[in-house]
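Structure, as structure tokens:
The values are calculated or read from the model by the stated rules, or taken from the named source; none is laboratory data. Here the structure is a predicted model, which is why all the values come from computation and not from measurement. Cβ coordinates were reconstructed from backbone atoms using ideal geometry, including for glycine residues, and neighbour counts include every protein chain displayed.
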Amino acid sequence: MTRLSLAVRTLAAALAALLAATAATPAAARTGTDLKAPKDFVTLGSVAPTIMHEMRYTTRHNFVGDRIDGYRHPLCILTRATAEALRKAQLRLLRRGYSLKVYDCYRPQRAVDHFVRWAEDLDDRRMKAEFYPNVDKSRLFADGYIARRSGHSRGSTVDLTVVRLPAQPTRPYLPGEPLAPCTAPQDQRFPDNSVDMGTGYDCFDTLSHALDPRIQGVPRASRLLLKNTLAAVGFTHLPEEWWHFTHCPETYPDTYFDFPVSRHSLTGRR
């Protein structure tokens with residue numbers, strides 16, 4: 001065997017090993033890192049313009065206390081199939097005098113990474129009094145409140161609530177203002193024009209479990225209204241969070257995208 005043929009065979013073997021390793025990588029570990037969204041991602045407003053928006057992660061009113069990485073514009077971006085399903089759910093609710101309101105939709109991986117860095121900083125507890133009053137921050141990973149991957153990054157998951165029409169205005173959050181526990185009665189929590197769901201949004205507490213038996217009366221009926229309306233158009237819910245729903249089948253069940261929440265991500269303009 002010549003040195004040249006030996007080198008070729010060695011190179012071929014190395015290439016084959018590399019391809020095998022790539023094929024063996026679990027699909028769930030793939031990440032789409034392009035700055036532009038695939039063509040079947042849309043803004044919810046372009047498909048269902050009557051659905052209300054309160055995009056919390058473009059503001060400082062969230063459990064971190066800062067605007068979250070990757071949220072450049074207050075947009076709800078989703079796969080078209082998910083947006084179309086929400087449009088159907090909205091029509092059902094409008095006939096009953098209600099509207100959907102979204103808090104978060106597609107979430108870039110860089111935002112999830114921001115959550116992870118914050119959770120690892122045990123000294124940063126600025127928003128504890130509102131969002132995790134009964135949970136020690138050191139437990140956020142173990143208890144499942146923070147994870148290194150999020151279904152939101154696949155584009156078919158949405159956080160949302162129900163608002164009775166006509167919608168009442170809500171005041172903006174003022175950074176540094178006194179915080180009220182998300183588990184407090186509705187009239188004591190931070191004001192939100194949502195119907196009473198028993199806790200505030202993003203409340204790290206077992207009371208946020210969709211069917212927690214301690215939640216009864218109007219809040220339980222409100223949770224069931226949201227759950228049943230979305231189930232009728234193809235959504236499944238996360239039992240631990242009354243606000244969290246995923247449209248099935250997911251358009252991208254194995255890909256975690258990282259393009260920013262931005263108009264430019266959809267248009268390609270800089």
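Just a few scattered comments:
- Odd one out for L122 among (1) exposed (fewer than 13 other Cβ atoms within 10 Å of the Cβ); (2) within 18 Å of W243 (Cα to Cα): (2)
- Being under 22 Å from T199 (Cβ atoms), over 17 Å from the mean Cα position of the chain (by Cα) and basic (K, R) is a description that applies to R125.
- Search result, residues across the range 49-90 that are of a type in the set (A, V, I, L, M, F, W, C) and in contact with a strand residue (DSSP E or B) (Cβ under 8 Å, 6 or more places away or on another chain): I51, M52, M55, L75, C76, I77, L78, A81, A83, A85, L86, A89
- Residue count for the range 116-141 satisfying the condition of being part of a helix (DSSP H, G or I) and among the basic types (K, R): 4.
- Here V163 meets each of (1) among the β-branched types (V, I, T); (2) in contact with a strand residue (DSSP E or B) (Cβ under 6 Å, 6 or more places away or on another chain); (3) assigned to a loop (DSSP other than H, G, I, E, B) with one exception, condition (3).
- Of residues in the range 147-187 being buried (at least 16 other Cβ atoms within 10 Å of the Cβ) and of a type in the set (S, T, N, Q), the one farthest from A221 (Cα to Cα): S153
This table checks each residue for (1) under 18 Å from L100 (Cα atoms); (2) in contact with a Phe, Trp or Tyr (Cβ under 9 Å, 6 or more places away or on another chain); (3) modelled with pLDDT of 95 or more.
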| position | (1), (2), (3) |
| --- | --- |
| L174 | no, no, yes |
| Q188 | no, no, yes |
| V195 | yes, yes, yes |
| D202 | yes, yes, yes |
| D205 | no, yes, yes |
| W243 | yes, yes, yes |
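- The set of residues in the range 188-221 that are part of a loop (DSSP other than H, G, I, E, B) and polar (S, T, N, Q) comprises N193, T199, Q216.
- Here R87 qualifies as under 19 Å from G234 (Cβ atoms) and not aliphatic (A, V, I, L, M).
- Filter result for G144 (in a loop (DSSP other than H, G, I, E, B), loosely packed, with under 14 Cβ neighbours inside 10 Å, in contact (Cβ under 8 Å) with a residue 60 or more places away in the chain and on the phi > 0 side of the Ramachandran plot): yes
- Taken together, the residues in the range 222-267 that are in contact (Cβ under 8 Å) with a residue 24 or more places away in the chain, of a type in the set (G, A, S) and in a helix (DSSP H, G or I) amount to 2.
- Of residues in the range 71-93 being crowded, with 22+ Cβ neighbours inside 10 Å and of a type in the set (G, A, S), the one nearest to the chain's Cα centre (by Cα): A83
- Hits in the range 94-122 - residues which are hydroxyl-bearing (S, T, Y) and under 15 Å from the mean Cα position of the chain (by Cα): Y103, Y106
- None of P239, P178 is over 30 Å from F41 (Cα atoms) and either small (G, A, S) or at pLDDT 95 or above (or both) except P178.
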